[in-house]
Amino acid sequence: MSAGGGSLDTTERDHRGARRGSGPGRSAYLVLAFDCEDPAAPPARHLLDKLQSLVVGRARERGAHLSEAGESLFVGAPDRWMSSAHARFSRVLERWVVEDLGSKNGVFVGGERTERAELSPGDLVELGHTFFLFDEAAADPLLGPVAGPDDRSGLATLQPELAIELRKLAALAPSPVPIVLRGETGTGKEVAARAVHRLSQRAGEFVAVNCGAIAPTLIESELFGYRRGAFSGAAEDRPGLVRAADGGTLFLDEIGDLPLPAQAALLRALQEGKILPVNGTHPIKIDVRLLAATHRDLEAMVVEEKFRADLLARVSGFTLRLPPLRERREDLGLLIAALLARHFPERRVRFTPDAARALFLHDWPLNARELEKCLLASVLLAGEAAVDVPHLPPEVTGGRPAAAPQLSPEDALRREQIVALLREHRGNLTAVARAMGKARMQLHRWVRRYAIEVDEFRR
């Protein structure tokens, strides 16, 4: 979820026809994800299906120009650290490779300088002070140009599959269809809910309720209100949160935390369109659009009899899973731009390539919430200078103790595999990634997570 400047999607194609990708049934694309000198600059996604090559180089302004034959694209960036023809991305036997065209400052893939490298989905490519991400998406017939940020809705992504789901969400927003938003903490569930409320054009308020933050004994009175004298201290009537959302949207965050009695009362209110305040005698009619969010597996909770099956059926008109930030790195630039615009609207913020690389390689276990705190602190610490690695939190830069953290059995086995391959390939991360069949970027994240000292294997 983000809001900010627009994005560009080039190389349109006939979506009804066959498409070529870098893997079976896949479509390859390249995202200009981040400009260190101008983080607010809009990112751009370039589809590669009909191209044989794409050249990136320095230009006076951002833009993309297709060759007359339509098989080659030039992507220009106003990056003074970039050569006029810096790197070429080429299709070789249905795979994509990047090669240095004799640039002054080189081509880096996953943080390692290279003259030529075969790309894997998720690879991070640095050209000058500009960062690109190579990735693939399912070749879905609905996959068209990705919508850019929309200030009115707050919905934006450069990830093709998520873009399709967000279009569905926007189409359903004006309807009464209930929606469940699923995802880890910090993935933007409330941002999406507020966007749905804005697009719904309902006249009432957006009322957000954190179900897990209300004591179980108080949930019904908080939701449905109460009459004076309902309990000790109830000196006056209170309408409750549901009535506060009358004519608008009620957002129940962490709905899985509702105790069963409250679930039954909520189900009755949704079915009848009426609520009965605690100690009340006459039901009150309500008109509420319900949105719910959870990080829990509600279906599993139904099996365990911790969540009512009939309530799940009532609230699940449409379900959207918001992926964690580590699965949508294409959007990191969008999120950074939106957060900087929110917190530092008058400041020109810059990043060093080392700092930007650290941001893209970090796993972000707490998602956008962690990113926001990281940016707030690092920009303030940098002052007028560019944000550099010393300004970032140690958990982002990998400044952890050298000893390996406590690992799950699966992680311990993977760490052993990586160490063995590093020993075999003398610390060559590219060779290790190829042997594992993983993107170099993923390997870098594992190395950092498992506190592996790669230099020890290069001696």
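Computed from the coordinates by the stated procedures, all read-outs in this text should not be read as laboratory data. Keep in mind the model is a prediction, meaning the values are calculated, not measured. Here the Cβ positions follow ideal geometry from the backbone for every residue, glycine too, while neighbour counts run over all protein chains shown.
What translational diffusion coefficient, in µm²/s and rounded to a whole number, does the Stokes-Einstein relation yield for the chain at 20 °C and a viscosity of 1.002 mPa s, taking the hydrodynamic radius as the Kirkwood radius over Cα pairs? Present the calculation step by step, with values, prior to reporting the outcome.
On the way: Rh = 24.5 Å.
Rounded to a whole number, D works out at 88 µm²/s.
In the chain, the longest principal axis of the Cα atoms and the axis of helix 440-449 are about 60 degrees apart. The lysine pair count for segment 160-321, using Cα distances under 26 Å and pairs eight or more places apart or on different chains, is 4.
Find, among the trypsin sites (Lys or Arg not before Pro) in segment 295-325, those assigned to loop by DSSP (not H, G, I, E, B) with at most 16 other beta-carbon atoms within 10 angstrom.
Details: sites: R296, K306, R308, R314, R321; in loops: R296, K306, R308.
Taking segment 295-325 and a limit of 16 other Cβ atoms within 10 Å, the loop trypsin sites (Lys or Arg not before Pro) found are R296, K306.
All other residues with a Cβ under 13 Å from the Cβ of S103 taken together, and with Lys, Arg as +1 and Asp, Glu as -1, what is their net charge? Walk me through the intermediate numbers first.
Working: positive: R58, R80, R88, K104, R113, R116; negative: D79, E99, D100, E115, E126.
So the surrounding residues net to +1.
Considering only DSSP beta bridges with both partners in segment 185-341, what is the antiparallel share in %, to the nearest 5? Each step should come with its number before you reach the end.
Values: 3 of 14 bridges.
Rounded to the nearest five, the antiparallel share is 20 percent.
Any idea what angle helix 260-272 forms with the longest principal axis of the chain, computed on alpha-carbon atoms, 0 to 90 degrees, nearest 10? Here the helix axis deviates by roughly 80 degrees. Counted residue by residue at 0.36 nm each, then reduced by the alpha carbon distance between them, the extension gain from R326 to R434 reaches 36.8 nm.
Rg over Rh for segment 8-138 works out to 0.94, both radii taken from alpha-carbon positions and Rh defined as the Kirkwood radius.
On full extension, the segment bounded by S316 and K104 gains 70.8 nm, given 0.36 nm per residue less the C-alpha separation. Sites listed here are GluC sites (Glu not before Pro) in segment 290-396 whose DSSP assignment is loop and whose Cβ has at most 15 other Cβ atoms within 10 Å: E304, E305, E346, E384. Globularity index of segment 237-378 is 1.44 (Cα radius of gyration / 2.2 N^0.38 Å, N = number of residues).
Quick one: of the DSSP bridges fully inside the chain, what percent are antiparallel, nearest 5?
Details: 44 of 73 bridges.
Expressed as a percentage, antiparallel bridges in the chain total about 60.
Determine the distance separating the Cα centre of segment 171-231 from the Cα centre of segment 246-321; give it in Å without decimals. Measuring centre to centre over Cα atoms gives 10 Å.
Orientation-averaged projection of segment 287-442 equals 14.5 nm² [convex hull of Cα atoms, one quarter of hull surface area].
Over all directions, average the projected area of the Cα convex hull of segment 160-321 and note it in nm². Mind dumping the intermediate values first?
On the way: hull surface 38.4 nm².
Convex hull of Cα atoms, orientation-averaged projection: 9.6 nm².
At an R0 of 30 angstrom, the distance between the Cβ atoms of E395 and L218 translates into a FRET efficiency of 0.25. Looking at segment 162-215, what % of the alpha carbon pairs are farther apart than 19 Å? Counting every Cα pair in segment 162-215, those more than 19 Å apart make up 30 percent. Taking the C-alpha atoms only, the angle from helix 367-382 to the longest principal axis of the chain is near 60 degrees.
So what is the diffusion coefficient of segment 409-457 in µm² per second by Stokes-Einstein at 4 °C and 1.567 mPa s, using a Kirkwood Rh over Cα pairs? For the chosen part, D equals 124 µm²/s.
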